[in-house]
Structures are given as C-alpha cells and as structure tokens.
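The values are calculated or read from the model by the stated rules, or taken from the named source; none is laboratory data. All values reported here derive from a predicted model rather than from experimental measurement. Cβ placement follows ideal geometry from the backbone for every residue including glycine, while neighbour counts extend to all protein chains displayed. The accessibility values were calculated without ligands, DNA or RNA, using every heavy atom of the protein model including side chains. Shrake-Rupley method; radii C 1.70, N 1.55, O 1.52, S 1.80 Å.
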Amino acid sequence: QEGVGQMTVVLTASDSQSPVAFTAYSIDSQVWQEYTDPIIATESGEHTIEFYSADTVENIESIKTAQFEVVTDVTTPRVTLEVSPQILWPPNGKLIEIMLSSTVLDENLMSQELKIDDEYDEFDMIVTDSQSVKLRAARLDTDTDGRTYTLKLTATDKAGNQGVATQTITVPHDQRKGKF
C-alpha cells in the first residue's frame with residue numbers, strides 16, 4: 001500500500017491443513033525477522049522483500065519475493081504550457097488548430113493530463129494529439145467579453161505531487177481596441 005514517503009507492506013498466510021506458526025521476512029537481504037505487524041518502509045528507492053511461512057507441523061514454504069518502491073518526493077512537478085494562437089478570429093464557426101508547447105520536469109513523473117474547459121460547456125472541441133487541439137472559433141453575439149477556453153495541463157508524480165499550467169484562448173466579441 002503506497003503513501004507519500006512510505007510504503008506499508010502486509011503479509012498474510014493461510015494453511016488449510018495446519019495453523020500457520022509464523023511468517024518470516026527480509027528486506028533488501030537484511031537480517032530475517034518474524035512478521036508480526038504491517039511493515040512500514042520509509043527509505044526512498046526500490047526494495048525487494050523476501051518472505052516465507054511455516055505451519056505448526058513444520059511444513060515450510062519456499063521463499064517468495066516481491067518488489068516495491070518508496071518515493072519520498074516532496075517536489076512539485078514543474079509544468080509550462082504555451083498555446084498559439086491565443087485569439088481566434090474571425091468568429092466564423094470553423095475549427096482552428098491550436099499549437100501546444102509544453103514541458104514537464106519531474107524525476108518521478110507518473111502522468112500528465114490536458115483538460116480543456118469551455119466557458120459555454122459545449123463539447124465541440126477535438127483533441128487531435130499532444131502537440132495540438134482544435135477549437136471552434138465561435139461565440140454568442142450577446143457575449144460582450146468573448147468566449148474563453150481554458151487549457152489546463154496537470155502533471156502528477158509518483159508521490160502525488162501535482163504541478164499545473166494554464167493558458168486561455170479567447171474568441172473576442174469584436175476586434176476594436178479595448179473591446180475584448
């Protein structure tokens with residue numbers, strides 16, 4: 001079970017013929033110990049646990065192994081996002097390709113997600129690939145401040161830290177100076 005800066009290891013054993021007498025384990029080839037409670041590992045990095053159980057009539061199972069990783073990362077991923085163009089004109093209803101340029105820096109990156117929020121809550125956006133998206137150059141005539149799309153790039157690392165970058169794209173009401 002993962003947690004920020006730690007890993008909880010739980011070992012269970014059962015025997016249909018005789019009660020389990022004990023379970024023993026060793027982490028990273030250290031001294032063997034009897035398992036009594038969940039193991040809390042806090043040392044950052046990849047680890048190997050070896051373990052086995054024995055029953056009350058001295059049947060001993062073969063040693064099993066498992067790997068796990070502890071991530072003690074407290075650094076937020078660094079995320080940048082640039083878009084071009086940022087203004088869609090004219091508002092003729094056409095799909096316009098928006099070029100995306102992004103960077104995500106984190107040693108323990110797990111995932112990144114691009115989400116597009118449309119002020120009008122219409123689903124007329126088409127995500128073409130990670131370098132571009134297509135947005136509709138349209139807005140309501142009554143929308144005096146223009147239509148706004150917000151692009152949000154979120155990066156999450158293995159420790160659950162999140163970095164975010166946002167950019168807005170506008171379909172203005174008109175192109176007169178100062179009337180956006």
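Per residue, the chain exposes 63 Å² of accessible surface when a 1.4 Å probe is rolled over the protein heavy atoms with every protein chain present.
Translational diffusion of the range 57-103, estimated by Stokes-Einstein from the Kirkwood radius over alpha carbon pairs at 10 °C in a medium of 1.306 mPa s, is 92 µm² per second.
Below 16 Å, Cα to Cα, which aspartates and glutamates can LYS152 reach? Residues fewer than 8 away in the same chain don't count. Cα-Cα hits under 16 Å: GLU82, GLU113, ASP117, ASP118, GLU119, ASP121, ASP129. In a GNM of the chain with a 10 Å cut-off on Cα contacts, which of ILE98, ILE169, ILE49 has the highest mean-square fluctuation? Looking only at ILE98, ILE169, ILE49, the biggest GNM fluctuation is shown by ILE49.
Computed from phi, the 3J(HN,Hα) profile of the range 46-59 under the Karplus parametrisation 6.51, -1.76, 1.60 (θ = phi - 60°) reads 8, 9, 10, 10, 10, 7, 7, 10, 9, 9, 6, 9, 6, 7 Hz, with x in place of Gly and Pro.
The HN-Hα couplings worked out from phi for the range 15-26 by the Karplus form 6.51 cos²θ - 1.76 cosθ + 1.60 (θ = phi - 60°) are 9, 6, 9, 9, x, 6, 7, 6, 10, 10, 8, 9 Hz, whole numbers, x standing for Gly and Pro. In summary, the range 1-44 shows an alpha-carbon radius of gyration equal to 1.37 times the 2.2 N^0.38 Å reference for compact globular proteins. Measuring only protein heavy atoms, the 1.4 Å probe finds HIS173 accessible over about 50 Å². log₁₀ I(q)/I(0) of the chain at q = 0.12, 0.14, 0.18 Å⁻¹, via Debye over equal Cα point scatterers, no solvent, to two decimals? So the normalised log intensities work out to -0.71, -0.82, -1.08. Comparing mean-square fluctuations of THR42, THR170, THR23 from a GNM of the chain with C-alpha springs under 10 Å, the top value falls on THR23. Taking the accessible area of the chain, probe 1.4 Å, and keeping the other protein chains in place, the carbon and sulfur fraction comes to 47%. Computed from Cα atoms alone, the Kirkwood hydrodynamic radius reported for the range 17-90 is 16.4 Å.
Across every direction, the projection of the convex hull enclosing the Cα atoms of the range 89-174 has a mean area of 6.1 nm². Note on the range 37-180: with charges restricted to the Cβ of Lys and Arg (+1) and Asp and Glu (-1), its dipole about the Cα centre is near 1260 debye.
Our coupling estimate for the range 141-155, obtained by passing each phi through the Karplus curve with A = 6.51, B = -1.76, C = 1.60 and θ = phi - 60°, is 4, 7, 7, 6, 9, x, 7, 10, 9, 10, 9, 10, 9, 10, 10 Hz, Gly and Pro reported as x.
Close amide H contacts of LEU88 (hydrogens built in the peptide plane, cut-off under 5 Å, sequence separation of 5 or more or a different chain): THR170, VAL171.
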